[in-house]
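First comes the structure, then the notes that go with it.
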Amino acid sequence: MDAFTTHTGTAVPLQRSNVDTDQIIPAEYLKRITRTGFEDGLFASWRKDPDFVLNQPHHAGATILVAGPDFGTGSSREHAVWALQNYGFKVVISSRFADIFRGNSGKGGLLTAEVPQETVEKLWALIAADPATEVTVDLAAQQIRAGDLVADFAVDGYVRWRLMEGLDDIGITLQSGDAITAFEKQRPEFTPTTG
Amino acid sequence: MARTLAEKVWAAHVVRHAEGEPDLLYIDLHLVHEVTSPQAFDGLRVAGRGVRRPDLTLATEDHNVPTINIDQPIADPISRAQVDALRANCAEFKVPLYPLGSIEQGIVHVVGPQLGLTQPGMTVVCGDSHTSTHGAFGALAFGIGTSEVEHVLATQTLPLKPFKTMAITVDGELPPGVSAKDITLAIIAKIGTGGGQGYVLEYRGSAIRGLSMEGRMTLCNMSIEAGARAGMVAPDETTFEYVQGREHAPTGAAWDEAVTYWRTLPSDADAVFDAEVHLDATTLSPYVTWGTNPGQGLPLSGSVPSPANASDEVERTAIERALDYMGLVPGTLLREIPIDTVFIGSCTNGRIEDLRAVAEVLRGRQVANSVRMLIVPGSVRVKLQAEDEGLDTVFIDAGADWREAGCSMCLAMNPDKLAPGERSASTSNRNFEGRQGPGGRTHLVSPAVAAATAVVGTLAAPADLPALS
């Protein structure tokens, strides 16, 4: 995984609440067995509407999504993270993320920056005034900077460290191999096996 | 120190604890299906890693299998490729698999409990958000993403931050015709789709104690729809009775040892929860959703809400969008909403008790001409039991379509879908836009309400039906 320290790009305002992962990527796109190529499924049903924000030419090439509250609810599908990343997004900003989506994002290197709803609305206003507004998301300082806006964001400290180091979770856990083996020796014998 | 059920199960599985880092938690049971696993197995291959404990892992095919003609190859080539990938991965990594055609095949969350693999005090994960179902046994069970699936395959552990705990107490006797599904829809309508975020919910109180294991599974299943990772019910005699005698349940002295341990699991009397919610069971009635998230629900006696009554701008926009998508007008009585399709099934309501509730309503009645009704058992075992009890004859005589086991129209990854604009009453768990097919409109309901709706043709409860002569 690539290390993430700071990112600057343009942003797309997604002015909706409760954006569930079925909207981020509908089930019909989940049948692939690779981790790439999901960009065509991103917001597939909403993108059929020519007025949908992602279809606006002035938002082409944006890498930051600024969404309403409760982003990523519902299904655990990590394809939602891959679809956002495959499309080109590096950061999602919202006032509240669903737990599984936030966890999946951290694993895959997509930054979920949590801010108060009023910051989201200030960003929406800035982008509405000028879609080319550059937004900087500084993970080291945990700060979002855009135009005259400077706002702190929240992110889990451990996830932040892992993202900044670009570390692979499984590699970290395998360093505890002896502890896992020791734990297995004292599991109760009545716990079932599947074989 | 007094501890909650969730805290006890957590503490019993901590492999490694270090200040400022997530706990490393041991996983007792890892369930796998075809949709969220191919990229995880691929990751193992790329890194040259194996599956640490195939004997604690079980795979089944459920999300995109067809529910008709299952003796023939899967017609959709992409679905077939995904199922074939699961079979190849399970063979390569020695993971036990119940494929389509096996008597143990079915929805992963129906299969685990049915085999006796889900037991109190365990940690259970699966690359599926409805893994919360297994919490009905007093297990800590939650959905994970594909990276975490790979992590569990490789290490049988997960690094996790402790969850907060929320007690949801439902006291009193449930009125007739009110089921676990109505309780959960009422809870989500009360606390919202984000209300459980960061929490493990523990369902308590006399109404919960009175539920069967099937009802408790329905309740825990929907915890994710309130934003919670997991829901739990403390194990009791109902739990032990359900588990005992199942294929993977302990026997003899091991059973006694297990039950002795399980009896220590319920939350201590003076345990403190981070949040508490109370519901009076006697005030509940059949619930239905009118909108596009599971929190947008009301008693069936209500009417479609108006954006004008929203408490803030975000809610007003959400109601407007939902009404527009659902094609509904504020003020319309919910009972007057006509339905095209009724779907019975899913990991929420695809178990034998659910099918019995449907049969009770349909016996001696007919599905309305304007309605197609699809009944999909949660597993092959559920199907066989229903047929053994003659429920299939009731369904078929009423004009319903009796299918093979799978997730089916809950998420429309197989050919069972709503057409654009079609409206369903569905016993499944999500009414998101397009969930049951692009452009499809979903009303979430209990099995009894679904069955009554099929007969009437508009949203209805069994109490609305004329008595049979």
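Side notes on the structure shown:
- Debye intensity ratio in log₁₀ form over the Cα atoms of the stretch A:1-83, taken at each q of 0.16, 0.18, 0.22 Å⁻¹: -0.68, -0.87, -1.23
- Once the Cα gyration tensor of chain B is diagonalised, semi-axes √(5λ) in Å: 33, 27, 22
- 3J(HN,Hα) couplings calculated from phi for the stretch B:373-384 with the Karplus curve 6.51 cos²θ - 1.76 cosθ + 1.60 (θ = phi - 60°) are, in sequence order, 10, 10, 10, 10, x, x, 7, 5, 4, 4, 4, 5 Hz; Gly and Pro show x.
- Each of B:193, B:254, B:54 was scored by the projection of its Cα onto the charge dipole of the protein assembly as shown, and the greatest displacement toward the positive side belongs to B:54; charges sit on the C-beta of Lys, Arg, Asp and Glu.
- For the stretch A:96-104, putting each phi into the Karplus relation 6.51 cos²θ - 1.76 cosθ + 1.60 with θ = phi - 60° gives couplings of 7, 10, 5, 4, 5, 4, 5, x, 4 Hz, in residue order, rounded to whole numbers and with x for Gly and Pro.
- Here the label points at residue B:103 and residue B:464, each 7 Å from Cα along the C-beta direction, are separated by 4.2 nm in the simple model.
- Taking a straight Cα-Cα cut-off under 23 Å and skipping sequence neighbours fewer than 8 places away in the same chain, the lysines within cross-link reach of residue B:383 are B:181, B:417.
- Relative to the 2.2 N^0.38 Å rule of thumb, the stretch B:229-296 has a C-alpha radius of gyration ratio of 1.63.
- Cα pair count fraction exceeding 25 Å, expressed as % - chain A: 40 percent
- Taken over the C-alpha atoms, the protein assembly as shown has Rg and Dmax values of 23.7, 75 angstrom.
- Each of residue A:143 and residue B:282 was given a label point 7 Å from its Cα along the Cα-to-Cβ line. The distance between the two points is 5.9 nm.
- The protein assembly as shown, helix-only ellipticity at 222 nm - DSSP H runs n ≥ 4, -39,500 (n - 2.57), divided by all residues, nearest 500: -9000 deg cm²/dmol
- Angstrom value of the Kirkwood radius, inverse mean 1/r, which spans all Cα pairs in the stretch B:341-437: 13.3 Å
- Between the beta carbons of residue B:209 and residue B:309, assuming R0 = 41 Å, the FRET efficiency works out to 0.70 to the nearest 0.05.
- FRET efficiency estimate (nearest 0.05) - Cβ-Cβ, residue B:72 to residue B:317, R0 56 angstrom: 0.75
- For the stretch A:1-147, the number of Lys pairs with C-alpha atoms closer than 27 Å, counting only pairs eight or more positions apart or on separate chains, is 6.
- Taking the square roots of 5 times each eigenvalue of the Cα gyration tensor of the stretch B:146-285, largest first, gives ellipsoid semi-axes of 26, 22, 15 Å.
- Rounded FRET efficiency, nearest 0.05, which uses the C-beta distance separating residue B:363 from residue A:54 and R0 of 60 Å: 0.75
- Taking A:87, B:287 and counting other C-beta atoms within 10 Å, the order from fewest to most: A:87, B:287
- Equivalent ellipsoid, the stretch B:212-363 (semi-axes from 5 times Cα gyration tensor eigenvalues, Å): 38, 22, 13
- For the stretch A:74-158, taking the reciprocal of the average inverse distance between every pair of different Cα atoms yields a Kirkwood hydrodynamic radius of 13.6 Å.
- Computed from Cα atoms alone, the Kirkwood hydrodynamic radius reported for the stretch B:382-435 is 12.9 Å.
- Per residue, the convex hull spanned by the Cα atoms of the stretch B:1-79 measures out at 175 cubic angstrom.
- Computed magnitude of the charge dipole of chain B (debye, nearest 20; Cβ of K, R +1, Cβ of D, E -1): 400 debye
- Spin-label model, residue A:34 to residue B:171: label points 7 Å out along the Cα-to-beta-carbon direction sit 5.9 nm apart.
Every number here is computed from the coordinates shown, using simple stated rules; none is lab data. Keep in mind the model is a prediction, meaning the values are calculated, not measured. A quick note on method: Cβ atoms are made from the backbone with ideal geometry, for glycine too, and the neighbour counts reach across all protein chains shown.
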